[in-house]
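Have a look at the structure below, then the notes.
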Amino acid sequence: MANSTPMSPVLLSRYLGQQYPPTEQQAAVIGAEPGPLLVVAGAGAGKTETMAARVVWLVANGYARPDEVLGLTFTRKAAQEMGKRIRDRLGSLAQNADLVRRLDPSGELAKNLEVIAPTVATYDAYAGELIREYGLFVPVEPDARLITDAELHAIATDVVVNYSGGLLTELGSNPSLGTWWKTCSL
Ligand SMILES: Nc1ncnc2c1ncn2[C@@H]1O[C@H](COP(=O)(O)OP(=O)(O)O)[C@@H](O)[C@H]1O
Ligand SMILES: [Mg+2]
């Protein structure tokens, strides 16, 4: 159950022995009411940091269990980093028994922290997992997978090269393969 007076992001970061506190802007995001939230920030602005702290804040204040967390990002490197930061932080929270008891004297939070298994993945990997697990309901073969850009190009080339009819493109009829690719990437 969610705490009626949640612990502030700055106080939580202090209790967790974080090296530096979140900035005012980060704190506003970390401790925002649960629900959809769009945050726009540039490279190196502290987005990953903020997302990790947001997860810990939500868990610490009883809004979510670790296994209810889903973090998606574009690259494998970013997913790895986000996953590590989230797990490390939830781990520090779990180890701080005094803090956990203070946040939730009922013991539910301590129980929730026994298994720290958030899902953090790339969009592609997660989509693939959904297909593997639930594809048959659609129905899609469970071993179906997303094709890569290179495979996409290979298949498209194959289709064009093996097409025996006439081709009409913006650049004229029956263009060379090179011209066709140019048309595709316009
Ligand atoms: N409030 C803060 N105070 C000091 N350093 C911070 C703070 N927030 C993030 N950082 C540091 O800034 C750097 C970039 O943060 P990061 O979350 O990786 O940014 P982004 O994901 O937006 O590229 C990291 O080294 C991080 O530890
Ligand atoms: Mg980042």
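The values are calculated or read from the model by the stated rules, or taken from the named source; none is laboratory data. Computed from a predicted model, the values in this text were never measured in an experiment. Neighbour counts run over all protein chains shown; Cβ positions are idealised from the backbone, glycine included.
For segment 108-123, what are the residues that are in a helix (DSSP H, G or I) and touching a Ser or Thr at 6+ places or on another chain (Cβ under 9 Å)? Passing the criteria: only 123. Residues 121, 127: which one is in contact (Cβ under 8 Å) with a residue 40 or more places away in the chain and either closer than 19 Å to residue 69 by Cβ or of a type in the set (Lys, Arg) (or both)? Matching residue, one of 121, 127: 121. Of the residues in segment 101-116, at least one is in contact with a Pro (Cβ under 6 Å, 6 or more places away or on another chain) and in contact (Cβ under 8 Å) with a residue 40 or more places away in the chain. Residues in segment 142-168 that are under 25 Å from the mean Cα position of the chain (by Cα) and assigned to a loop (DSSP other than H, G, I, E, B): 142, 143, 144, 145, 146, 147, 148. Every residue in segment 17-72 that is of a type in the set (S, T, N, Q), modelled with pLDDT of 95 or more and touching a helix residue (DSSP H, G or I) at 6+ places or on another chain (Cβ under 6 Å), please. If the condition is that a residue be of a type in the set (S, T, N, Q), modelled with pLDDT of 95 or more and touching a helix residue (DSSP H, G or I) at 6+ places or on another chain (Cβ under 6 Å), then 26, 50 are the ones that fit. Of the helices (runs of 4 or more DSSP H) lying entirely inside segment 1-107, those carrying at least 1 residues that are within 16 Å of ligand 2 (Cβ to nearest atom) and within 21 Å of residue 122 (Cβ to Cβ) are 47-60, 76-95.
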